[in-house]
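Novice: Before I ask anything, let me first share the structure, which is written out below as structure tokens.
The values are calculated or read from the model by the stated rules, or taken from the named source; none is laboratory data. Treat the numbers as computed from the prediction; the structure is a model and nothing was measured. All Cβ positions, glycine included, derive from the backbone under ideal geometry; neighbour counts span all protein chains shown.
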Protein chains: 2
Amino acid sequence: MKKFLNTADSFLPDALAGLAAAHPDLRVDLEARTVTRARGATENKVALVSGGGSGHEPLHAGFVGAGMLDAACPGEVFTSPVPDQMLAAAKAVDGGAGVVFVVKNYTGDVMNFQMAAELAGDEGIAVETVLVNDDVAVQDSTFTAGRRGTGATVFVEKIAGAAAARGDDLAAVAELGRRVNAASRSFAVALTACTTPGSGEPGFDLPEDEIEVGVGIHGEPGRSREKLRPAREIVADAVGAILDDHDLASGDEAIVMVNGMGGTPLSELYLVYGELASIFAEKGVGIARNLVGDYVTSLDMAGCSITVCKAEEPFLALWDAPVHTPALRWGV
Amino acid sequence: MKKFLNTADSFLPDALAGLAAAHPDLRVDLEARTVTRARGATENKVALVSGGGSGHEPLHAGFVGAGMLDAACPGEVFTSPVPDQMLAAAKAVDGGAGVVFVVKNYTGDVMNFQMAAELAGDEGIAVETVLVNDDVAVQDSTFTAGRRGTGATVFVEKIAGAAAARGDDLAAVAELGRRVNAASRSFAVALTACTTPGSGEPGFDLPEDEIEVGVGIHGEPGRSREKLRPAREIVADAVGAILDDHDLASGDEAIVMVNGMGGTPLSELYLVYGELASIFAEKGVGIARNLVGDYVTSLDMAGCSITVCKAEEPFLALWDAPVHTPALRWGV
């Protein structure tokens with residue numbers, strides 16, 4: 001294993017200390033394992049809290065800031081955070097208007113966020129939960145009952161975060177988040193496995209001429225293992241899987257993300273985006289907004305995921321609203 | 001070799017087509033191999049043109065946009081663009097106030113940009129050149145007489161770009177760019193080699209327990225090959241090499257970039273930043289601004305570089321000025 005780290009055990013706190021040093025407008029509580037906005041709770045604003053296993057950076061801590069998340073709870077690498085983290089985050093950022101938990105659909109996350117919601121309720125904090133389950137690759141998987149939650153998390157956090165920032169109430173922010181998730185589909189392909197600091201070994205074996213199609217963000221198996229093929233064909237299959245499951249029709253518009261898993265050069269992601277854009281153009285589906293880059297990674301995995309969200313009203317206006325986080329920033 | 005590509009030969013045009021599809025505010029001329037702002041030349045504004053071998057994305061095309069570059073000339077992977085590209089770019093973006101070429105110090109780039117400057121001069125375009133040579137690792141190297149140009153390119157392009165945007169004249173913009181370069185130092189460490197689409201093989205062999213210290217952005221050898229060590233020690237050596245060559249003193253402020261080479265997870269880059277921040281704190285040198293992420297990559301290389309620029313007047317104000325490019329965006 002070749003990584004920039006001191007010891008495997010100190011990897012997460014050391015990385016969080018670096019995040020704190022780089023972004024003084026974030027407050028990283030190494031004890032409580034929470035990342036919040038340094039300015040604290042915003043009175044009367046619905047607060048968004050997310051979290052999940054580490055190893056997917058910039059998700060989630062990289063999306064904490066004005067117009068997006070109020071707090072993130074980083075678990076150990078590929079491991080759900082615990083309810084105490086989520087409770088601490090909710091208490092730190094609740095401004096009296098309630099808290100929305102954005103939860104990727106993995107069994108541990110779902111269970112722990114549910115427990116945290118109950119604990120927060122006991123303390124008088126109103127909580128709504130938005131479950132993200134956009135990955136069309138498999139129905140159930142290693143860590144999931146039902147579809148996995150992946151790239152749509154970024155869309156939910158951005159759009160619901162903008163709604164909270166403009167003053168929408170708890171029910172409205174949560175409902176909007178659920179609508180974004182319902183309008184989104186994702187599919188991922190891995191060229192290589194990833195290596196966790198703890199294990200020091202690749203999570204699975206993938207021969208030099210094979211790819212994992214429909215892979216999960218922890219390297220969970222997907223639909224099939226196939227021979228490496230031209231990008232055009234891989235993208236066509238991934239987009240096909242998404243559109244087969246989606247009601248996007250000619251004349252519709254979408255928000256699209258081509259996301260690198262951590263070890264894929266940006267040039268390849270643009271190449272993938274170009275193939276995707278050709279397919280969308282053929283189908284008459286417009287791409288109103290796009291992201292191309294590393295947003296939901298799997299440590300050093302070479303691979304990419306595609307996420308497509310139908311641009312229903314009022315998604316685009318909220319997408320365009322100002323955001324100021326380490327990983328997404330515009331308008332400020 | 002596992003990459004998202006169609007054929008090795010079409011890698012660059014396919015990636016550029018994707019860049020064009022993703023960013024309608026850029027104009028990608030696949031024939032002339034230039035990337036310019038779609039709005040064309042800005043009258044009476046000094047235009048900034050850069051370029052170099054591809055494989056370092058987002059450098060340079062990802063920095064084309066308001067407040068930074070007016071044009072980029074992507075060469076083949078790890079190969080200098082040709083003078084015709086640079087001339088075409090200069091003609092496309094000159095608004096009558098002249099053009100600054102930002103040139104990384106590699107023999108091919110220097111020669112070709114010099115020829116382009118002469119050709120542009122013949123056509124009545126005033127050209128100034130800013131040579132970037134910030135890498136303290138080695139004096140001469142595989143592709144260079146003198147120090148290599150690396151991360152400081154981003155600082156030069158941002159700060160000189162902001163000066164051009166506010167209306168500084170040709171001599172002033174060029175002089176500022178030279179000052180930024182003179183105030184900057186970089187040092188890089190590779191954990192793995194990178195693989196070009198053309199060769200299909202890693203550019204060099206690096207055993208599982210060794211790192212290349214002082215590596216160049218094409219995988220050129222550095223100062224030494226060493227055993228993998230804790231990040232804290234690697235960062236201390238890299239920062240030491242930079243500060244040994246720099247006049248930064250206690251009480252000074254710096255702009256710092258921790259840059260991933262393409263295959264390194266963001267969490268590791270933050271960990272590196274944290275170690276760097278501790279060293280700077282001990283030395284009493286402030287970090288006024290920072291970038292942590294992939295800005296000057298070497299395809300899929302795992303590794304990182306550190307760039308430090310002394311924050312002389314008026315660097316910070318120009319750094320903070322609005323920028324709107326695919327890879328750097330704030331204030332708009």
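Novice: Among the candidates B:Ala160, B:Ala137, which residue alone is touching a strand residue (DSSP E or B) at 6+ places or on another chain (Cβ under 7 Å), surrounded by 24 or more Cβ atoms within 10 Å (Cβ to Cβ) and assigned to a helix (DSSP H, G or I)?
Specialist: On the way: B:Ala137 fails: assigned to a helix (DSSP H, G or I).
Only one candidate qualifies: B:Ala160.
Novice: Working only within the range B:68-89, note down all residues that are among the hydroxyl-bearing types (Ser, Thr, Tyr) and within 23 Å of B:Leu328 (Cβ to Cβ). Before the answer, list the steps.
Specialist: Here is the first cut: in the range B:68-89, the ones among the hydroxyl-bearing types (Ser, Thr, Tyr) are B:79-80.
Residues satisfying the conditions do not exist here.
Novice: Taking A:Val99 and the conditions (1) within 30 Å of A:Asp247 (Cβ to Cβ); (2) buried (at least 24 other Cβ atoms within 10 Å of the Cβ); (3) β-branched (Val, Ile, Thr), which numbered condition does it fall short on, given that it satisfies the others?
Specialist: Going through the list (1) within 30 Å of A:Asp247 (Cβ to Cβ); (2) buried (at least 24 other Cβ atoms within 10 Å of the Cβ); (3) β-branched (Val, Ile, Thr), A:Val99 breaks only (1).
Novice: Every residue in the range A:60-81 that is touching a Lys or Arg at 6+ places or on another chain (Cβ under 8 Å) and of a type in the set (A, V, I, L, M), please.
Specialist: Correct list: A:Val64, A:Ala66, A:Met68, A:Ala71.
Novice: Sticking with this structure for a sec: Specify which of the listed residues (A:Glu226, A:Glu220) is within 14 Å of chain B (Cβ to nearest Cβ), more than 30 Å from A:Lys45 (Cα to Cα), touching a strand residue (DSSP E or B) at 6+ places or on another chain (Cβ under 9 Å) and acidic (Asp, Glu).
Specialist: Working: A:Glu220 fails: within 14 Å of chain B (Cβ to nearest Cβ).
Criteria check complete, one pass: A:Glu226.
Novice: Separate question: May I ask you to list the residues in the range A:254-282 that are more than 21 Å from A:His56 (Cβ to Cβ), of a type outside the set (A, V, I, L, M) and either at the interface with another protein chain (Cβ under 7 Å from one of its Cβ atoms) or surrounded by fewer than 24 Cβ atoms within 10 Å (Cβ to Cβ) (or both)? Quick ask: steps written out before the conclusion?
Specialist: Initially, the range A:254-282 is screened for residues more than 21 Å from A:His56 (Cβ to Cβ), giving A:254, A:267, A:270-271, A:274-282.
From what's left, of a type outside the set (A, V, I, L, M): A:267, A:270, A:274-275, A:278, A:280, A:282.
A:Ser267, A:Tyr270, A:Gly274, A:Ser278, A:Phe280, A:Glu282, listed by residue number.
Novice: While we're on this one: For the structure I just gave you, tell me whether B:Ile234 is at pLDDT 95 or above, within 24 Å of A:Pro24 (Cα to Cα) and either more than 11 Å from chain A (Cβ to nearest Cβ) or surrounded by 16 or more Cβ atoms within 10 Å (Cβ to Cβ) (or both).
Specialist: No.
Novice: Can you give me the ranges of the strands (runs of 3 or more DSSP E) entirely in the range B:1-73 with at least 3 residues that are among the hydroxyl-bearing types (Ser, Thr, Tyr) and touching a helix residue (DSSP H, G or I) at 6+ places or on another chain (Cβ under 7 Å)?
Specialist: Details: elements: B:26-29, B:34-37, B:47-54.
Ranges flagged: none.
Novice: Got a sec? Which strands (runs of 3 or more DSSP E) wholly within the range B:174-282 have at least 3 residues that are under 19 Å from the mean Cα position of the chain (by Cα) and either without any contact (Cβ under 8 Å) to a residue 12 or more places away in the chain or under 29 Å from B:Leu69 (Cα atoms) (or both)?
Specialist: Values: elements: B:184-190, B:210-213, B:224-227, B:253-260.
Answer list for the range B:174-282: B:184-190, B:253-260.
Novice: Of everything in the range A:106-132, what is within 19 Å of A:Ala183 (Cα to Cα) and buried (at least 22 other Cβ atoms within 10 Å of the Cβ)? Give them in sequence order.
Specialist: Once the filter is applied, which keeps residues that are within 19 Å of A:Ala183 (Cα to Cα) and buried (at least 22 other Cβ atoms within 10 Å of the Cβ), the range A:106-132 yields A:Val130, A:Val132.
Novice: Another question, if that's okay. Check A:Met115, A:Met86, A:Met111 and return the single one that is in contact with a Pro (Cβ under 6 Å, 6 or more places away or on another chain) and part of a helix (DSSP H, G or I). Please lay out each step first, then the result.
Specialist: Numbers: A:Met86 fails: in contact with a Pro (Cβ under 6 Å, 6 or more places away or on another chain); A:Met111 fails: in contact with a Pro (Cβ under 6 Å, 6 or more places away or on another chain).
Every option except A:Met115 fails the conditions.
Novice: In the range B:127-143, what residues are touching a residue at least 24 places away in the same chain (Cβ under 8 Å) and closer than 18 Å to B:Ser184 by Cα? So that I can check it myself, show each step before the final result.
Specialist: Just the residues of the range B:127-143 that are touching a residue at least 24 places away in the same chain (Cβ under 8 Å), to begin with: B:127-138, B:141-143.
Listed by number, the residues that qualify are B:Thr129, B:Val130, B:Leu131, B:Val132, B:Asn133, B:Asp134, B:Asp135, B:Val136, B:Ala137, B:Val138.
Novice: Could you say which residue among B:Ala21, B:Ala8 is surrounded by fewer than 20 Cβ atoms within 10 Å (Cβ to Cβ) and within 12 Å of chain A (Cβ to nearest Cβ)? Give the steps one after another, and end with the answer.
Specialist: On the way: B:Ala21 fails: surrounded by fewer than 20 Cβ atoms within 10 Å (Cβ to Cβ).
Only one candidate passes the filter, namely B:Ala8.
Novice: Follow-up question, since we're still on this one. Is there any pair with a first residue in the range A:111-126 that is on the phi < 0 side of the Ramachandran plot and at pLDDT 95 or above and a second that is of a type in the set (S, T, N, Q) and part of a helix (DSSP H, G or I) whose Cβ atoms are under 9 Å apart and which are 6 or more apart or on different chains, and what are they?
Specialist: A:Asn112/A:Gln85; A:Ala116/A:Gln85
Novice: Report yes if B:Glu43 is within 14 Å of another protein chain (Cβ to nearest Cβ) and in contact (Cβ under 8 Å) with a residue 12 or more places away in the chain, otherwise no. Quick ask: steps written out before the conclusion?
Specialist: Working: within 14 Å of another protein chain (Cβ to nearest Cβ): no; in contact (Cβ under 8 Å) with a residue 12 or more places away in the chain: yes.
When the stated conditions are applied, B:Glu43 does not pass them.
Novice: Can you tell me which residue in the range A:283-319 is surrounded by the most Cβ atoms within 10 Å (Cβ to Cβ), limited to those that are within 12 Å of chain B (Cβ to nearest Cβ) and outside any strand (DSSP E or B)?
Specialist: Here the answer is A:Ser298.
One line per residue, one yes/no per condition, for (1) surrounded by fewer than 17 Cβ atoms within 10 Å (Cβ to Cβ); (2) under 30 Å from B:Leu316 (Cα atoms); (3) within 14 Å of chain A (Cβ to nearest Cβ); (4) not acidic (Asp, Glu):
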site	(1), (2), (3), (4)
B:Gly177	no, yes, no, yes
B:Val180	no, yes, no, yes
B:Ala183	no, yes, no, yes
B:Ser199	yes, no, no, yes
B:Pro207	yes, no, yes, yes
B:Glu212	no, no, yes, no
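Novice: Given the condition within 21 Å of the chain's Cα centre (by Cα), within 11 Å of chain B (Cβ to nearest Cβ) and in contact (Cβ under 8 Å) with a residue 60 or more places away in the chain, answer yes or no: does some residue in the range A:163-171 qualify?
Specialist: Checked the range A:163-171: no residue is within 21 Å of the chain's Cα centre (by Cα), within 11 Å of chain B (Cβ to nearest Cβ) and in contact (Cβ under 8 Å) with a residue 60 or more places away in the chain.
Novice: Same structure again: Can you tell me which residue in the range B:24-79 is surrounded by the fewest Cβ atoms within 10 Å (Cβ to Cβ), limited to those that are under 27 Å from B:Ala302 (Cα atoms) and among the polar types (S, T, N, Q)?
Specialist: The selected residue is B:Thr79.
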